[in-house]
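For reference, the structure is listed below as structure tokens.
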Amino acid sequence: MNAFSFSLVVLYFASFVSVGASLAAEGLGLPQTQSAGGVTVKATYLEQTHHESRFSVILDTHSGNLDMYDLKALSLMRDDTGLAMQPTGAENKGSGHHREIILTFPRPSLERKWLELVIKDIAGVKARIFRWNRE
């Protein structure tokens, strides 16, 4: 095998490693999407550190303004141990029809079997519940 062919093989396999690493870094759980009331909400469990957990929440609509929704006030995280927590922080990007909010919560129990992000009262929907099971 010549050097050029060997380089192509190395690049080929390196691309799989890179894709796998970026997918792992993307989130602890697959993104989940719910559409109702004319608003689509996509939630992704991003990371858990020793002190906190972070979620990405994307709000999307083709009509209306999403700026009125304060996700820090409308969200909570809960688990099967009975723990329920309010966000300690919210970073907002975008405005109007398309918003992304990074919600930060205190770290959940390490004994949990599942974790839920609950987003209340968006576009007339009482609660949107996103669940990630611990593997």
Practice item. Can you tell me which residue within segment 48-104, out of those that are touching a residue at least 40 places away in the same chain (Cβ under 8 Å) and outside any strand (DSSP E or B), is nearest to the chain's Cα centre (by Cα)? Key: Leu71
Exercise for review: Might you check whether a residue that is under 19 Å from Thr33 (Cα atoms), of a type in the set (A, V, I, L, M) and in the same structural domain as Thr61 (by TED's automatic domain parsing) occurs anywhere in segment 81-97?
Suggested key: no
Practice item. Only residues that are of a type in the set (S, T, N, Q) and in contact with a strand residue (DSSP E or B) (Cβ under 6 Å, 6 or more places away or on another chain): list them for segment 47-61, please. Key: Ser53, Ser56, Thr61
Check your understanding: Any chance segment 9-31 includes a residue that's farther than 28 Å from Glu111 by Cα, surrounded by 11 or more Cβ atoms within 10 Å (Cβ to Cβ) and at pLDDT 95 or above?
Key -> no
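The values are calculated or read from the model by the stated rules, or taken from the named source; none is laboratory data. In this text the structure is predicted, and so the values were computed from the model without any measurement. Counting neighbours? That spans all protein chains shown, and the Cβs are built from the backbone with ideal geometry, glycine included.
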